[in-house]
Amino acid sequence: MQTLHVDLGERSYPIYIGAGLLARSDLLVPHIAGRQVAIVTNETVAPLYLEALEAALSGFNPTSIVLPDGEAYKNWQTLQLIFDGLLGARHDRGTTVIALGGGVIGDMAGFAAACYQRGVNFIQIPTTLLSQVDSSVGGKTGINHPLGKNMVGAFYQPQGVLIDTQTLSTLPARELSAGLAEVIKYGLICDEPFLTWLEASMPALRALDQVALTTAIERSCAAKARVVGADERESGVRATLNLGHTFGHAIETQQGYGAWLHGEAVAAGTVMALEMSCRLGWIQSGERDRAIRLFLAAGLPVVPPEDMLPEHFLEHMAVDKKVLDGRLRLVLLRAIGEAVVTSDFPREVLNATLDADYAALAAQL
Ligand code: NAD
Ligand code: GLY
């Protein structure tokens, strides 16, 4: 087992990474403050892993709250089910909420923990690759609004993150690929040698090789912990973690939540950010194409949905959380491994990026 740390003063916490950790009550119990525990999961993950976790925590007689599955349920109505479960079982301010599932469960359970009786203890047990390398670390929690992705939420750090790499054995291939989009992101924004490693390791990762997966998770979590430790509330460098997300969130919102997986939208959105960086003369076309090849090798889409017109992108991008004083800010690459957040670009370059022929770009590779 590896242990990493997110250093945030009194809100610091460990990230445990290893195979079979779900049953390790010795890792969980020190992060449970009181005598009550509520496990929040969904109807897909519950039959797979809930029993093992309940057994590990049997001393607490945990309350299990099983939600419907899917991005389309990341909303107020489903959040209310968590509060119903907590209040129905008379959980008090000393309770600990444990998220068992992917990023949707982690984001919603975390937001519920932030709000319930003005804030209770919270632990993340992420079970998708995407949630293990990104969403479970850093304390961003929340829900979607019909007009915008993740528009309602709170920064709320967990007491600990427990990553059991064995849970990935049941993950559908499409979901694994979606997680690889966020893994590739770290290489692009801050770790070029990691990108080279990913190019060589992609077949092993997609074949669920435990050693390769563990390395990818550790390196991704280390990068995320470093960035979050430097900028918890996203007043600077943390925004670079959103490479491709402004374009990607527009795709998710326009297509209807769940139609495109978050990681898929991030992959296609990142290709757009790279194309724009290329048009600004910051990276070479060969570097853009290198990233496109890696996304393709990971089984990810690199072309935005055919029916998405530039005006659709602009409409959704106008409510992006990086919009400041009415100005759109984008995460772009000055070089591979060097991301910047900027509003300093000619509008024509953005328009040309939204208008570019991505199918033709991918076809020539
Ligand atoms: P998800 O939570 O919808 O999980 C994907 C699917 O896999 C679901 O059907 C889920 O039930 C299933 N699943 C989960 N674990 C499984 C397992 N071990 N075996 C089989 N099936 C399993 O999606 P996700 O990709 O994990 O997360 C996406 C969400 O995370 C989005 O809402 C996105 O906005 C959010 N996100 C948040 C942050 C953050 O910093 N908070 C960062 C990135 C993404
Ligand atoms: N996923 C982006 C962030 O946590 O800041």
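The values are calculated or read from the model by the stated rules, or taken from the named source; none is laboratory data. Note that this is a predicted model, so its numbers are computed, not measured. Note that each Cβ is placed from the backbone with ideal geometry, even for glycine, and that neighbours are counted across all protein chains shown. Note: areas computed on protein heavy atoms with side chains; ligands, DNA, RNA excluded. Shrake-Rupley method; radii C 1.70, N 1.55, O 1.52, S 1.80 Å.
Kindly report the accessible area of the chain per residue (heavy atoms of protein chains, probe 1.4 Å, no ligands, DNA or RNA), in Å².
Per-residue value: 39 Å².
Fully extended, how many nm does the chain gain between Thr3 and Gln284 (0.36 nm per residue separation, minus their Cα-Cα distance)?
Taking 0.36 nm per residue and subtracting the Cα distance, the gain is 97.4 nm.
Expressed in nm to one decimal, what extension gain is obtained for the pair Glu10 and Ala52 from 0.36 nm per residue of sequence separation less their Cα-Cα distance?
Full extension of this stretch gives 12.0 nm more.
Go through the stretch 39-53 residue by residue and turn each phi into a ³J(HN,Hα) via Karplus (6.51, -1.76, 1.60, θ = phi - 60°); whole Hz please, and just put x for glycine and proline.
With the stated coefficients, the stretch 39-53 comes to 9, 9, 8, 10, 6, 8, 7, 3, x, 8, 10, 5, 4, 4, 6 Hz.
Taking amide H positions as placed 1.01 Å from N in the peptide plane, with prolines and chain starts having none, which residues 5 or more places from Leu67, or on another chain, fall under 5 Å of its amide H?
Those qualifying (amide H under 5 Å, at least 5 residues apart or on another chain) are Thr41, Asn42, Glu43.
On the Cα set of the stretch 257-365, report Rg and Dmax in Å, please.
Expressed in Å, the Cα Rg and Dmax of the stretch 257-365 come to 13.5, 40.
How many nm is it between the label spots at Glu348 and Ser25, if each spot is 7 Å from the Cα in line with the beta carbon?
6.8
If you wrap a convex hull around the alpha carbons of the stretch 165-320, what volume per residue comes out, as a whole number of Å³?
On the way: hull volume 19.6 nm³, N = 156.
Value for the stretch 165-320: 126 Å³ per residue.
So how many Lys-Lys pairs in the chain land under 16 Å Cα to Cα, not counting same-chain pairs under 8 apart?
Summing the qualifying lysine pairs gives 9.
Tell me the carbon and sulfur percent of the accessible area for the stretch 1-68, rounded to whole percent, probe radius 1.4 Å. Mind showing how you got there, number by number?
Values: 1610 of 3350 Å².
C and S atoms contribute 48 percent here.
Counting only residues 5 or more places away or on other chains, whose amide H sits under 5 Å from the amide H of Gly160 once H atoms are built in the peptide plane?
Hits under the 5 Å cutoff: Gln124.
May I ask for the distance between the Cα centers of the stretch 145-193 and the stretch 117-143, given as a whole number of Å?
10
Show me, for the stretch 247-260, the HN-Hα J-couplings you get by feeding each phi into the Karplus relation (A = 6.51, B = -1.76, C = 1.60, θ = phi - 60°), rounded to Hz, glycine and proline as x.
3J(HN,Hα) across the stretch 247-260, in whole Hz: 5, x, 4, 4, 5, 4, 5, 5, 7, x, 4, x, 5, 9.
Note down the Stokes-Einstein diffusion coefficient of the stretch 111-157 in µm²/s, whole number, using a Kirkwood radius over alpha carbon pairs, 37 °C, and 0.692 mPa s.
Rounded to a whole number, D works out at 286 µm²/s.
What is the ratio of the Cα radius of gyration of the stretch 27-155 to 2.2 N^0.38 Å, where N is its residue count, to two decimals?
Working: Rg = 13.3 Å, N = 129, 2.2 N^0.38 = 13.9 Å.
The reported ratio for this selection is 0.95.
Taking Cα centroids, how far is the stretch 299-365 from the stretch 40-61 in Å?
After rounding, the separation between the Cα centres reads 41 Å.
Ordered by residue, what ³J(HN,Hα) values in Hz, to whole numbers, does the stretch 6-15 give under the Karplus form 6.51 cos²θ - 1.76 cosθ + 1.60, where θ = phi - 60° and Gly and Pro are x?
With the stated coefficients, the stretch 6-15 comes to 9, 8, 9, x, 6, 9, 5, 7, x, 10 Hz.
How big is the chain by Rg and Dmax over its Cα atoms, in Å?
Radius of gyration, then largest Cα-Cα span, for the chain: 19.8, 62 Å.
Starting from the amide H of Val152, placed 1.01 Å from N in the peptide plane, find each other amide H under 5 Å away whose residue is 5 or more places distant or on another chain.
Those qualifying (amide H under 5 Å, at least 5 residues apart or on another chain) are Ile143, His145.
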